[in-house]
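Read the structure below first, then the notes.
The values are calculated or read from the model by the stated rules, or taken from the named source; none is laboratory data. If you're wondering where the values come from, they're calculated on a predicted model, not measured in any experiment. FYI the Cβ positions are ideal-geometry reconstructions off the backbone, even for glycines, and counts take in every protein chain you see.
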Amino acid sequence: MAQSSDFFSSRTAITLVVANMIGTGVFTSLGFQLLDIRSAPIILALWFIGGIVALCGALCYAELGAALPRSGGEYNFLSRIYHPSAGFVSGWVSVTVGFSAPTAAAAITAATYFKSVFPSAPVMPIGLCLVAIIGFLHFGSRRGSANFQQLFTSVKILLILVFIGAAWWQVDQLQAVLWVPVVQDFSLVGTGGFAVALIYVNYAYTGWNAATYLSGEVENPAQALPRILIIGTALVTVLYLLLHAMFLSVAPMSAMAGKADIGFVVAGFAFGETGAKVVGVMLSILLISTVSAMLLAGPRALQVMGQDFRLFSWLAKETKSGVPANAVGLQVAITLLLIMTSSFESIIIFSGTVLALNSLLTVLGLLVLRLREPQLPRPFRLPWYPLPLVVYSVIVSWTLVYLVIERPIEVLWAVGIILLGLLTYFVSTKLEPSK
């Protein structure tokens, strides 16, 4: 019989979801959104819609994860529902973009906030060291990874709540913000700027599906997974709304527009120069759990690919404590490479496009699976079916259409990554020894 130490607890899985979601996006996206949208109600509506979309997606994944309880996330779902090639491309996306790119962005942002306090600190070396050290920690035992993740995610939530409360308390005067929309605000909805802003929001919510990447390592996944996904997503939605209400009421929109270090800008208005430096260190520490969560969840998709494809079997090898060390090492290496070669905004748009398409196909897969295998045991069934599925699919499809129009270069790069994944799949199957 498996011992409890052989599994991640529900608490660890919830912290994994929270830590994956609360990363660079929530502390950087507002600056880009304010370039096109200067309405507080519309900004908050964007983050509320993002939370609803994420919750709808989490509910769909909860049914899939309970019915198909194997680690690997979308790789497992798409392989089972559509074709092994679809799963392979999803796993390919997970390692090249889905986890490595946001991990690189989080490390870069952490180093940037650190530099805001210590101007002589070099951003790239600090980001590289952060990824290397945390990657090394995840080569150890599963229990060690779980304890590290729980500790830094708890610190993250506490620091965010302290930041919100202290900023509201310390600021000399709140901004004169109209919280009720006026007629002109509604004209912003449905525009290209609104759609692109929603991509930034969806990027910030990315990670609500993180627990499905290690569902095979969670005790009683059929019962636990729905609760993990829903609690984690709902908690982050509340924190995001509180954060943006604080941002907009503490600092003027003109000061935040176009800025990537929103947390530092807001802290300057609330606490002054010295206080802003303290917050800069705080935000740098806060992002450690994001880097950790990405390096914990991502390698599980690679591990499952290694179990299914002999050519990649080296990715499935585990240490005595059950850690997929080769998969962890590969993701660390790709993340380090991205830190050295990529720009921050390109990472967000590029990876946001691919991840949106990846999750859209997975959510639609729920409909396919219900039609094709109605007798499949489903310990958890999507409530109000098919409403959450429809809401998620329509909104994500709409943003993808606008991305093709507004940001074609990043979309072409995303298509290139997908085609390269397909090519790799067919080459690997050709090289597979005949059975």
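Checked against the criterion of being within 24 Å of Ala110 (Cα to Cα) and either part of a loop (DSSP other than H, G, I, E, B) or under 24 Å from the mean Cα position of the chain (by Cα) (or both), region 217-234 has at least one qualifying residue. Quick one: in region 384-409, of everything that is surrounded by 18 or more Cβ atoms within 10 Å (Cβ to Cβ) and aromatic (Phe, Trp, Tyr), which residue is nearest to Leu361 (Cα to Cα)? It comes out as Tyr392.
Within region 155-172, the set of residues being loosely packed, with under 15 Cβ neighbours inside 10 Å and either more than 19 Å from Val279 (Cα to Cα) or under 29 Å from the mean Cα position of the chain (by Cα) (or both) comprises Leu158, Leu161, Val162, Gly165. Checked against (1) among the β-branched types (Val, Ile, Thr); (2) surrounded by fewer than 19 Cβ atoms within 10 Å (Cβ to Cβ); (3) in contact (Cβ under 8 Å) with a residue 60 or more places away in the chain, Val131 passes all but condition (2).
Kindly indicate whether any position in region 195-218 is farther than 27 Å from Leu360 by Cβ and surrounded by fewer than 22 Cβ atoms within 10 Å (Cβ to Cβ).
Step one: of region 195-218, the residues farther than 27 Å from Leu360 by Cβ are none.
No, region 195-218 has no match at all.
Does region 410-417 contain any residue that is surrounded by 15 or more Cβ atoms within 10 Å (Cβ to Cβ) and acidic (Asp, Glu)? For region 410-417, residues surrounded by 15 or more Cβ atoms within 10 Å (Cβ to Cβ) and acidic (Asp, Glu): present. Just one of the listed residues (Ala121, Ala176, Ala166) is touching a residue at least 24 places away in the same chain (Cβ under 8 Å), among the small types (Gly, Ala, Ser) and either out of contact with any Leu (no Cβ under 6 Å at 6 or more places or on another chain) or under 27 Å from Phe271 (Cα atoms) (or both), and it is Ala166.
Give region 336-362 a look and list any residue that's surrounded by 22 or more Cβ atoms within 10 Å (Cβ to Cβ) and at pLDDT 90 or above, or say none. The answer is Thr362, and nothing else. Restricting Glu406, Glu373 to residues that are over 25 Å from Phe99 (Cβ atoms) and in contact with a Gly (Cβ under 6 Å, 6 or more places away or on another chain) narrows the list to Glu406. Among the residues here, Ser79 does not qualify as over 13 Å from Thr233 (Cβ atoms), of a type in the set (S, T, N, Q) and either crowded, with 24+ Cβ neighbours inside 10 Å or within 19 Å of the chain's Cα centre (by Cα) (or both).
Mind listing whichever residues of region 30-70 are hydroxyl-bearing (Ser, Thr, Tyr) and within 17 Å of the chain's Cα centre (by Cα)? Break it down stepwise before answering.
Of all residues in region 30-70, those hydroxyl-bearing (Ser, Thr, Tyr) come to 39, 61.
If the condition is that a residue be hydroxyl-bearing (Ser, Thr, Tyr) and within 17 Å of the chain's Cα centre (by Cα), then Tyr61 is the only one that fits.
Checking the structure you have, find out if any residue of region 244-266 is out of contact with any helix residue (DSSP H, G or I) (no Cβ under 8 Å at 6 or more places or on another chain), at pLDDT below 85 and either in a helix (DSSP H, G or I) or within 29 Å of Ala316 (Cα to Cα) (or both). No, region 244-266 contains no residue that is out of contact with any helix residue (DSSP H, G or I) (no Cβ under 8 Å at 6 or more places or on another chain), at pLDDT below 85 and either in a helix (DSSP H, G or I) or within 29 Å of Ala316 (Cα to Cα) (or both).
Return only the number of the condition from (1) in contact (Cβ under 8 Å) with a residue 40 or more places away in the chain; (2) within 26 Å of Ala245 (Cα to Cα); (3) of a type outside the set (A, V, I, L, M) that Pro84 does not satisfy. All conditions are met except number (2).
Taking the condition modelled with pLDDT under 85 and either over 27 Å from Gly127 (Cα atoms) or under 20 Å from the mean Cα position of the chain (by Cα) (or both), does Met294 pass? Answer is yes for this residue. Taking the conditions (1) within 13 Å of Phe99 (Cβ to Cβ); (2) surrounded by fewer than 19 Cβ atoms within 10 Å (Cβ to Cβ); (3) hydrophobic (A, V, I, L, M, F, W, C); (4) touching a residue at least 60 places away in the same chain (Cβ under 8 Å) in turn, Ala333 satisfies each one other than (4).
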